[in-house]
Amino acid sequence: MYQPRITSSSFFIGRNEPGLISFGSGQSDLLPPQELFSALPRAGYLKYGLIAGEPALREGVAKLYPGTRAEDFVITNGASEALDLTLRVLCERGGKKVLLTRPHYYSYPHNVLMAGMEPVFTELVNGRIDLADFAEKVQGVDAVIVNTPCNPTGCVEPVATLKAIEALTARLGVWLIFDEVYKQILYDGEHYRPSTPNVITNNSFSKSYSLCGLRVGFLHSYDPELVRQVIEMKTDTTMNTGLLAQQMALAALGTPPEYFAEQLAIWRARRDLCYAGLCDLGLELVKPEGAFYMLPKVNDPGRAVDELYFDHQVVVYNGEWFGALGHIRLCYALDVEKIKEGLERIGLWLKQRK
Ligand SMILES: Cc1ncc(COP(=O)(O)O)c(C=O)c1O
């Protein structure tokens, strides 16, 4: 059996050799909103800050979530830290098992294990949560993570499914960690955020503001004790999120709605191009409804990742890193010319492979 040389996304993250076409890391290539450059470095931003985050930014993000209070938010180093802190606090509270969908964002099982808990899985059917299986697997877990629009499938969960999950987890007293980092990158369907007291929301500026390097995200919980525990945990780990980054995020909150509409039109055009291109190459995949990923089926994805990178200078991720056996994952956060060139190279690889 073929032993892949490239075994995790860490091989690719930040790699940018000339000539490389990267459908790898989920980072937007679009320009961030210009508003954020109004935040200029000041000496005060180079000190320690409040662990929970700057009050103005907590207030700013609370306004994005009607019915919430600024003190129930914690500003974190991206949604990544929000997720990590949430899971560790849930373990501290006695949590043992966390239900994940499969496929899933590649970090989730690692985050759950590193927090000292055990991941259990419900298989997505054509990219969607199977409510019957979910209802069975959710029995006996302490938390579930739901991510919609989803990385790596690009699928959007129907509102009815999300409402059913909201009601079920609330009734069972299971924490519902809701990862909505792609909520503004939505082409079809509707986004619905569950809001029962058991819901912990994670979001960030990384995706919709094209600011993944800024490392600013946040979590919200209706449970003030959980928020307090998260702040305690953050005090002993990364301390405050960078103050200059928080000022820039605050300035970005003033971004006019046209910015998001323009970006969405670009994402949609790229989605259509990339989807049509992969279908034309004979690959089988579900048409994404949100986020900026595609998950086509291929034989031996470990070999595909190696061959595409070493022989064709194309980066794709192995679907197995996301629990998607027999698939590769592509991120189409690339300009149209690069997408076309990348598709051509994938076509060549497919021909040589046959
Ligand atoms: C589903 C999902 N959640 C969280 C993250 C982490 O995002 P951030 O840059 O805010 O840490 C990502 C990044 O790709 C993601 O795809």
Practice prompt. Spot the failing condition for G53; the list is (1) at negative phi; (2) in contact with a strand residue (DSSP E or B) (Cβ under 8 Å, 6 or more places away or on another chain); (3) buried (at least 18 other Cβ atoms within 10 Å of the Cβ); (4) among the small types (G, A, S), and only one is missed.
Written response: (1)
Worksheet entry | Matching residues, the stretch 68-95, being under 17 Å from A245 (Cα atoms) and surrounded by 21 or more Cβ atoms within 10 Å (Cβ to Cβ) | F73, V74, I75, T76, N77, G78, A79, E81, A82
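For (1) surrounded by 19 or more Cβ atoms within 10 Å (Cβ to Cβ); (2) assigned to a loop (DSSP other than H, G, I, E, B); (3) away from the ligand (no atom under 14 Å from the Cβ), each residue gets a yes or a no:
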position: P152; (1), (2), (3): yes, yes, no
position: A164; (1), (2), (3): no, no, yes
position: R171; (1), (2), (3): no, no, yes
position: K183; (1), (2), (3): yes, yes, no
position: G189; (1), (2), (3): no, yes, yes
position: R193; (1), (2), (3): no, yes, yes
position: S206; (1), (2), (3): yes, yes, no
Worksheet item: Name the residues in the stretch 125-150 that are within 16 Å of the ligand (Cβ to nearest atom) and hydrophobic (A, V, I, L, M, F, W, C), would you?
Response: I129, A143, V144, I145, V146, C150
Worksheet item: What do you reckon, is G67 more than 30 Å from E284 (Cβ to Cβ), modelled with pLDDT under 95 and not hydrophobic (A, V, I, L, M, F, W, C)?
Response: yes
Worksheet, complete the sentence: Of the conditions (1) more than 20 Å from the chain's Cα centre (by Cα); (2) in contact (Cβ under 8 Å) with a residue 60 or more places away in the chain, the single one that W267 does not satisfy is (1)
Response to the item:
Filter the stretch 100-118 for residues that are over 25 Å from L285 (Cα atoms) and either more than 15 Å from the ligand (Cβ to nearest atom) or hydrophobic (A, V, I, L, M, F, W, C) (or both); the one that is surrounded by the most Cβ atoms within 10 Å (Cβ to Cβ) is V112
Worksheet entry | Count of the stretch 1-42 residues which are without any contact (Cβ under 8 Å) to a residue 12 or more places away in the chain and small (G, A, S) | 2
Response to the item:
Note on the stretch 164-214: residues at positive phi and in contact with a Pro (Cβ under 9 Å, 6 or more places away or on another chain) are G189, S210
Discussion item. For the stretch 112-126, check the following and say yes or no: at least one residue is closer than 26 Å to G189 by Cα, in a loop (DSSP other than H, G, I, E, B) and of a type in the set (F, W, Y).
Written reply: no
Worksheet item: If you check V156 against the conditions, is it within 16 Å of the ligand (Cβ to nearest atom), more than 24 Å from F73 (Cα to Cα), of a type in the set (A, V, I, L, M) and outside any strand (DSSP E or B)?
Response: yes
Item to complete: State which residue is nearest to P296 (Cα to Cα) when the search covers only the stretch 306-344 and only residues that are more than 27 Å from the chain's Cα centre (by Cα) and surrounded by 15 or more Cβ atoms within 10 Å (Cβ to Cβ).
Response: E344
Worksheet, complete the sentence: For the stretch 208-230, the count of residues that are over 23 Å from F37 (Cβ atoms), outside any strand (DSSP E or B) and within 16 Å of the ligand (Cβ to nearest atom) equals 1
Worksheet, complete the sentence: Going through the stretch 67-78 in order, the residues found to be under 18 Å from R228 (Cα atoms) and either within 16 Å of the ligand (Cβ to nearest atom) or touching a residue at least 40 places away in the same chain (Cβ under 8 Å) (or both) are T68, E71, D72, F73, V74, I75, T76, N77
Discussion item. Could you list, ordered by first residue, the pairs with Cβ atoms under 8 Å in which the first is in the stretch 50-66 and farther than 17 Å from N240 by Cα and the second is loosely packed, with under 15 Cβ neighbours inside 10 Å, at least 6 apart or interchain?
Written reply: A62/R69
Item to complete: Consider Y65 carefully, then state whether it is surrounded by fewer than 20 Cβ atoms within 10 Å (Cβ to Cβ) and in a loop (DSSP other than H, G, I, E, B).
Response: yes
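The values are calculated or read from the model by the stated rules, or taken from the named source; none is laboratory data. Everything numeric here is computed off the predicted structure, so don't read it as measured data. Cβ atoms come from the backbone with ideal geometry, glycine included; neighbour counts cover every protein chain shown.
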